[in-house]
Amino acid sequence: MTVTGRLRGIVAMDGPSGTGKSTVSRRLARESGAAYLDTGAMYRVLTLAVLRAGVDPASDDAEPVAVAATPRLRSVTDPSAPAALLDDEDVEKEIRGPEVTQAVSAVSARPSVREALVERQRKLIADGVAEKGGIVVEGRDIGSVVVPDAPLKVYLTASEEIRAARREAQDRKAGRIGDVEKVLADVRRRDRLDSTRKTSPLHAAKDALVLDTDHLSVDDVLAELLRLARERGILT
Ligand code: DC
């Protein structure tokens, strides 16, 4: 991968699942020599800890269990090999599976879970900037809550159908049996939960650039991000 420039500062990438956020965020970070933080993976690891503890993720007991697991979580911010670890165990595959995907919205809606992770995220972001000069951070509330002063905020969208089709293709690639109808129902359920929760619901920050990716390829989105970063003076 050729480095096309050097990113200075923070790019906040928000939006619902299936918009291509992870793919373009990682590529942007790789191409600009920056760090990369997947905050969704952090919520997924805490959800896994809740499931492994045998606690119902939708119950009130899930909140203290998830918060208590925060020190056991570690995030690797290298965009060529990003990783989410629980007690130093690489749980990347497990956190993408159906059990965690089904439960993560309930756990991430809990205020003290968000508080604990936002604090962690701000520290990881500061470390990424100190080490590499820049970082691309993806999630749901990055531009609105985690780093509201980020010099570039992008909110990716796409229609439900396109997002479900992309998710299903990802599942198939990961060896899981794909079912577009089921994935579409899950996309709708998670959108509803993520956008209606009380703490930091999913929405575009006022000053975010909204990019509809329905008819854009990954290369198209990446080119637009590189253009925007140059325009803002954070890619040299
Ligand atoms: O991006 P993802 O699908 O891996 O995210 C998993 C879940 O975590 C998603 O349902 C919403 C939640 N999430 C969040 O609430 N805030 C973030 N910054 C990132 C993810």
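The values are calculated or read from the model by the stated rules, or taken from the named source; none is laboratory data. What you see is a predicted model, and the numbers here were worked out from it, not measured in a lab. Virtual Cβ from ideal backbone geometry, glycine too; neighbours counted across all protein chains shown. Quick note on the areas: whole protein, heavy atoms, side chains included, nothing else; ligands and nucleic acids left out. Shrake-Rupley method; radii C 1.70, N 1.55, O 1.52, S 1.80 Å.
Within region 137-191, none of the trypsin sites (Lys or Arg not before Pro) combine a DSSP coil assignment with at most 11 other C-beta atoms in a 10 angstrom radius. Antiparallel versus total DSSP beta bridges in the chain: what percent is that, nearest 5? Just about 30 percent of them are antiparallel. Stretching A169 away from A185 to a fully extended chain increases their span by 4.2 nm, per 0.36 nm per residue minus the current alpha-carbon distance. Rounded to two decimals, the Cα-based Rg/Rh of region 115-210, with Kirkwood Rh, is 1.04. Kirkwood radius, region 1-92, all distinct C-alpha pairs, inverse of mean reciprocal distance: 14.6 Å. Distance between Cα centroids, region 139-161 to region 81-118: provide it in whole Å. Comparing the Cα centres of region 139-161 and region 81-118, I get a distance of 19 Å. Count Lys and Arg as plus one, Asp and Glu as minus one, and take only other residues whose Cβ is under 15 Å from that of D56; the net charge is then -2. Is the shape of region 54-155 best called rounded, prolate or oblate, per the rule: a/c under 1.5 gives rounded, else a/b larger than b/c gives prolate, else oblate, with a ≥ b ≥ c the square roots of the Cα gyration tensor eigenvalues? Verdict is prolate for region 54-155. Of the solvent-accessible surface of region 106-223, computed with a 1.4 Å probe and all protein chains present, 55% belongs to carbon and sulfur. The convex hull around the C-alpha trace of region 112-171, projected and averaged over every direction, spans 5.7 square nanometres. Oblate is the label for region 164-222, because a/c, from the alpha-carbon gyration tensor with a ≥ b ≥ c as root eigenvalues, is 1.5 or above and a/b does not exceed b/c. Structure note, pairs K21/K93; K153/K173; K93/K153; K93/K173: Cα-Cα distances above 20 angstrom occur for K153/K173; K93/K153.
In the context of the full set of protein chains, the chain has a per residue accessible area of 46 Å² (1.4 Å probe).
Relative to the current alpha-carbon distance between R52 and E89, full extension at 0.36 nm per residue lengthens the span by 12.0 nm. As a calculated quantity, the FRET efficiency between R6 and D149 at R0 = 22 Å, using C-beta atoms, amounts to about 0.60. Over the Cα atoms of the chain, what is the Rg over Rh ratio if Rh follows Kirkwood? In the chain, Rg relative to Rh is 0.94.
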